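Following: one structure in structure tokens, then a few remarks.
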Amino acid sequence: MEDCLAKKMEITVSEAEKRTGRNAMNIQETYTAYLIETRAVESQSEGQCAPVDSLWRRYSEFELLRNYLLVTYPHIVVPPLPEKRADFVWHKLSADNMDPDFVERRRIGLENFLLRVASHPVLCQDKIFYAFLTQESGWKEMVNETGFQLKADSRLKALNATFRVKNPDKRFTELKHYSDELQSVISHLLRVRARVADRLYGVYKVHGNYGRVFSEWSAIEKEMGDGLQSAGHHMDVYAASIDDILEEEEHYADQLKEYLFYAEALRAVCRKHELMQYDLEMAAQDLTSKKQQCEELATGTVRTFSLKGMTSKLFGQETPEQREAKIKVLEEQIQEGEEQLKSKNLEGRDFVKSAWADIERFKEQKNHDLKEALISYAVMQISMCKKGIQVWTNAKECFSKM
């Protein structure tokens, strides 16, 4: 971790700007661009003021970077991006992806994504990631030149592997199940939180009615008027405070959403392992089949029914020369297959070793982050309750002075 980019460079996404331009289809569109600022840490430690480098990136460019990382590092739990459109929101909050509050939270999420990648022991060393932070023009071309799209596994192949792997690794099966459960639990938690926020908003805003009633009442009372007026003011302040409280709550919800999306990143690692296991089993099956064919040709006995075997019986046997030529081809294919199988076995073992090391790193990070987020959320709730108690204490004092 000492050599990670986050230790050498300050990275911030400092601004978000609404822009209008034309897309690849030459259709005018409105989008948000984000200003990434970087500064070398070494110069600052020497007492010098390092210059700030800055460039603008669209959300789609962040998506391109993450897709590249997913394909290039299939054994790594790649940090997720913040949501493209707001989900699990309480009804008074806008789900519009151009809403300033949503854009601000997404700006924070994009900065967090960059810091996650810059802090990762492997991802931080990637040249494409470094170019994303420092090279505005020509970056997309650089990514496409890596040919990462050609290495991406098709969804059909991944689905096939899921249902046809005969000997799945129990650890990855359990991890896949855990990621499903984690996603389900966090989704439920976010839905509950949105419902609570809706009700809380209503309760707080109704307190504004106390303010109005106390104010009206104060107009007809001489001795009690000032006390009622002051109590009404405290109720108005209390009612208005819910807007800031729930906006702050959204930031804690975003921290939970990050792990909602991390669950999919975990599944991506599991899917890749399934694909590798499937390829390995197919290669082993193909090798066994070729060895059997070679043995049948060499001995002249057919152990299993085949259309080819029936054809030779009906239309005559092959000549010894033809059989020898076929045996020679099969022996070459068997040698290639054995080397391929050995290579796939090594690749699979390396993948499991690297993936499990990163999964352990992720688990440690997750436990720390979720613990901190839940504690902070509880502290915020306690603070909110204390403010409510203070408002009613102030109101009580106002009533006492009447």
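The values are calculated or read from the model by the stated rules, or taken from the named source; none is laboratory data. Keep in mind it's a predicted model, so treat the numbers as computed, not measured. In this analysis, Cβ positions are derived from the backbone assuming ideal geometry, glycine residues included, and neighbour counts consider all displayed protein chains. With ligands, DNA and RNA removed, areas are computed over all heavy atoms of the protein, side chains included. Shrake-Rupley method; radii C 1.70, N 1.55, O 1.52, S 1.80 Å.
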Quick test of your reading of the structure: Lys92 fulfils all but one of (1) open to solvent by 50 Å² or more (accessible area, probe 1.4 Å); (2) at pLDDT 70 or above; (3) touching a Phe, Trp or Tyr at 6+ places or on another chain (Cβ under 8 Å). Name the failing condition by number.
(2)
Which residue pairs have Cβ atoms closer than 8 Å, lie 6 or more positions apart in sequence or on different chains, and pair a first residue in the stretch 339-354 that is more than 16 Å from Ala284 (Cα to Cα) with a second residue that is part of a helix (DSSP H, G or I)?
Phe351/Lys272; Phe351/His273; Phe351/Met276; Val352/His273
Looking for whichever is out of contact with any Asp or Glu (no Cβ under 6 Å at 6 or more places or on another chain) and open to solvent by 60 Å² or more (accessible area, probe 1.4 Å) here; the options are Glu247, Glu216. Which one fits?
Glu216
Which listed residue, of Arg199, Arg212, Arg155, Arg171, is of a type outside the set (Asp, Glu) and touching a residue at least 40 places away in the same chain (Cβ under 8 Å):
Arg171
Evaluate the following for Ser230: is it surrounded by fewer than 17 Cβ atoms within 10 Å (Cβ to Cβ), among the small types (Gly, Ala, Ser) and part of a helix (DSSP H, G or I)?
no
Might you let me know whether the stretch 182-192 holds any residue that is under 30 Å from Val237 (Cβ atoms), open to solvent by less than 60 Å² (accessible area, probe 1.4 Å) and either touching a residue at least 40 places away in the same chain (Cβ under 8 Å) or touching a strand residue (DSSP E or B) at 6+ places or on another chain (Cβ under 8 Å) (or both)?
yes
Every pair of residues 6+ apart whose Cβ atoms lie under 8 Å, when the first sits in the stretch 105-134 and is free of Cβ contacts under 8 Å to residues at least 12 places away in the same chain while the second is crowded, with 18+ Cβ neighbours inside 10 Å
Ala131/Trp139
Residue count, the stretch 129-144, condition open to solvent by 10 Å² or more (accessible area, probe 1.4 Å) and either at positive phi or among the aromatic types (Phe, Trp, Tyr) (or both), comes to 2
